[in-house]
1. Count charges around A:Ala400 for me, please; just the other residues with Cβ under 10 Å from its Cβ, Lys/Arg as +1, Asp/Glu as -1.
2. Once both axes come from the Cα atoms, what is the angle between helix A:253-272 and the longest principal axis of chain A, in degrees from 0 to 90, rounded to 10?
3. Work out the length of the dipole vector of chain B about its Cα centre, built from +1 on the beta-carbon of each Lys and Arg and -1 on the beta-carbon of each Asp and Glu, and round it to the nearest 20 debye.
4. How far apart, in nanometres, would the label points at A:Arg374 and B:Asp216 be if each is projected 7 angstrom from Cα along the Cα-to-Cβ direction?
5. Please state the charge dipole magnitude for segment A:378-523, taken about the Cα centre, from unit charges on C-beta atoms (+1 on K and R, -1 on D and E), reported in debye and rounded to the nearest 20.
6. Pick from B:Glu269, B:Glu93, B:Glu55: which is most flexible by mean-square fluctuation in a GNM of chain B where alpha carbon atoms under 10 Å apart are linked?
7. At 222 nm, what value in deg cm²/dmol follows for chain A if DSSP H runs of at least 4 each add -39500 (n - 2.57) and the sum is divided by all its residues, to the nearest 500?
8. Could you tell me how far the Cα centroid of segment A:451-523 sits from the Cα centroid of segment A:337-357, in Å?
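Each value in this text was obtained by applying a stated rule to the coordinates, not by laboratory testing. Note that this is a predicted model, so its numbers are computed, not measured. No Cβ is skipped: glycine too gets one built from the backbone with ideal geometry, and neighbour counts run over all protein chains shown.
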Amino acid sequence: MAADTSLVILATLLVPTLGGLLVGQLHRGLPGGRPHTPADAIAAVQTRRGRLPAQAGALSALSGLVSLGAGASVGQYGPLVHLGATLGSLITRLLRLGRSEDNITIACGVAAAIAAAFNAPLAGIVFAHEVVLRHYALRAFAPVASAAIVGYVLATQLLAQGTLFHITEPGVPQPWEFALFLALGGLGALVAGGYMHAILAMGQLAKRLPLPTSLHPALAGALLGLTALWVPDILGMGQETLRFATLPGAYSGGELLMVLLLKLAATALCLGLGFAGGVFSPALVIGTLFGALAGTLVAELRGGQETFIFYAVCGMVAVTAPVLGAPLTTLLIVFELTGSYALTTAALASVTLANPLAAQLFGRSLFDIQLARRGLDLSAGRSRAVLQEARLTELISHDAVTLAPATPLKAAISRLSQAGHGEAYLVDDRGRYQGCVTLAGLETLREGSEATTLADCPETPRPVLDPHASLWEAMQQLQKVTGEAIAVVDDERRFLGVAYESSIARAFLHHSDALRREEHGAG
Amino acid sequence: MLARRLIPGLLAGLLVLATPIRAGVPDAADSLTVLSWGGAYEHAQRLALFTPFTEGHDIPVAVDSYNGGLTELRQAVAENDVPWDVLDMTRSEAMAACEEGLLEPLPPELAAPAPDGTPASQDFLPGALGRCFISHSIFATVVAYRRDAFPGERPTRIADLFDQQRFPGPRALQRTPAANLEWALLAYRVPREELYRLLSTRRGLDLAFARLQSIDNIHWWEAGETPVRLLEEGQVVMASGYNGRFFAAMVERDLPIEILWDGQLQEHETWAIPRGAPNPEAAQTFIRFATTSERQVELARHIPYGPTRRSAAMQVTTHRDSGLDMRLHIPTHPINAQGAVTKDETWYARTQERIEALFRETLFREALTTQE
């Protein structure tokens, strides 16, 4: 027994640490030095850029595997979803299909992964729509649904995988308990916010660590192992912890609170310091612990634990749904895993409050918050995201009249008339942009003032655009301009060309049209 | 050096010696030696299986009895002197013996199809057809209680075993982790599909031990007849035990006890052929005969063990002696099987020693005084 104990201690310390070391090395091969997550799949679809790189997908999946194997407090569904999305994107490239098809195959991969992982095809279909596609189009529905069915059938038949979550006959809650489930939803949103911000804050903190990034996961692993010697429940995906938390009396109230806080900290530590893995499974565990804590309190006050499982499940969805930004998916997972309509309706009460509250306070989901911090704001929907991602570069035209500031007024007017343009751009001999003049303005000057060269002209205030600006910014600037075009200048005000108002508008219409066809087209 | 040269010679000599003997005694191939468990069990097998087999196939059956365990088999195989043709073993021992290479692998098509033509692989319950064995019956470890102990209310769930407020009185439990750990976790409302996964964690074991320790006044039994006696003498009001023993006490001795089927722990009893059996062909013929639906149904008229074939379970009728409806007394009957747990023998094979050590250490340091 004694030899066993020291072996267990050694393994608890060494396995996460060495796993972290390996994960750190794997991530050196990834662009950005971080594992890719479902957020990358969402960004690819929302901006219609598609094309998830296969190598990064494979490396991310591998490092997810190592992280989970090493016992890091991370989830397995994130890597699975991203792997499914990458495979979907790969198929589009192999078949040489277009952008819209790329989005659909990514959604198919995601749906199949969820359907297979949870034995829940409906949840897979809804997750692909709710989280990844974020619109409902019939042309996407059929492929996504078929992918989910195939994933489900393979998982149940070929892998002979049983249900993840069994429930023995839940009781029937009292009508007034639904008010508690609703309140649990509100509190759960706050726990979800704490969880998301802990992960983000740890990521910020990691940047200030005096340690090479590739060693961060090893540090997290060592700290995790050390804590696990004391509270082993925080290790890994936590499926057993989740199961025990749904049993009345398996944990005392104090234990629930302690494991909840430590699990939250451990997950933030592991994800923030660079272990690869999902945020879903730990959220399930934290939510269940939170719900169980509420259930324990209620049982203390009223006596009797018949409806304990309801509190555990409501807590679970109240924390998980805001983190994923997926209330329907979470509900369907509860329904498909437990087959209990009573539990699903109780869970519905919780998400009803949890999701809107968390969206107001923190953001639609952890993925959205992460993407917003990387500069992709999805809060105003997909059309804006597409415009924000579309670059101005391809709209820059060199078909514009450029004049030196010293050009005489008369010569300028004749140049403009010959070229058939109404505007000219002043560029000095070092290539710097100096301003803009209009034919109408020059005519007025010639008749009524002393000015002889363009340099003497009063300036027409015009915004300029950066060549890396997005179509969205160009549209914003356009609202302040009446004229033909906006000058494009670089950081040192070197003149690069112009973006015509008409081509900006055309590009805008083009993108809107592509979106409309993708989202509302029938076939 | 000398030995190396001698052994092949010796073997050749033995072969020469053996051949004429075999050829000279042709009827040796036409008798069968079965190793079974003796007692009422063997008696039932004789009536339902051995005698009809001899009548139908003209092969006499000799029966040896044992109390389980692989020691004798291991020795017999090592010495290449196996006296038995067919073994009646628990599934866990059959699995272990198969791993060790003590048993002959059975041809996959050995078991006959159901009377309606359903192939054996679909007719038998999951896990009943092994590489070296075929399960023939299912018995259960159950809880029984004295009918007169709880006026007004009767235990209906396995959690009631631990509820001494509603069902006061001493309990008798087997002094093994098996069944007790499963029941303790079931009492926490752990779904039966997840029992062994949660028992694989330290928290799961601690919870189970805590639930067992919460019982006041446990008599720990070892011999299978003890719980029946303790119930009979009124020393305990609830006891765990084998369903066959409780049935016999109820039917033959008219004891006022009742079986609580919820949480019953089912185990398989199997037929197997030892490696080097004298008459492997007759052994296969016997196993095919004894595992037909018809024979399984007949056996269940003598002992309350569940058939392993679905087609047989549908046809179970009355007890030969008392005329009782046997369907209500076999573990696999749908009503009884609602809360049944199938013992995970692979899990026990992997963890047995550690779990048992932990069981003794946790429960018997302070429980020695109440031990029976």
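1. On the way: positive: none; negative: A:Asp399, A:Glu423, A:Glu484.
Cβ neighbours under 10 Å give a net charge of -3.
2. Roughly 40 degrees, rounded to the nearest 10.
3. Numbers: 36 positive and 49 negative charges, 182 e Å.
Roughly 880 debye, rounded to the nearest 20.
4. The answer from the label model is 6.4 nm.
5. On the way: 15 positive and 21 negative charges, 48 e Å.
In debye, rounded to 20, segment A:378-523 gives about 220.
6. B:Glu55
7. Working: 21 runs with 322 residues, N = 523.
So the calculated ellipticity at 222 nm is -20000 deg cm²/dmol.
8. Each part's Cα centre sits 47 Å from the other's.
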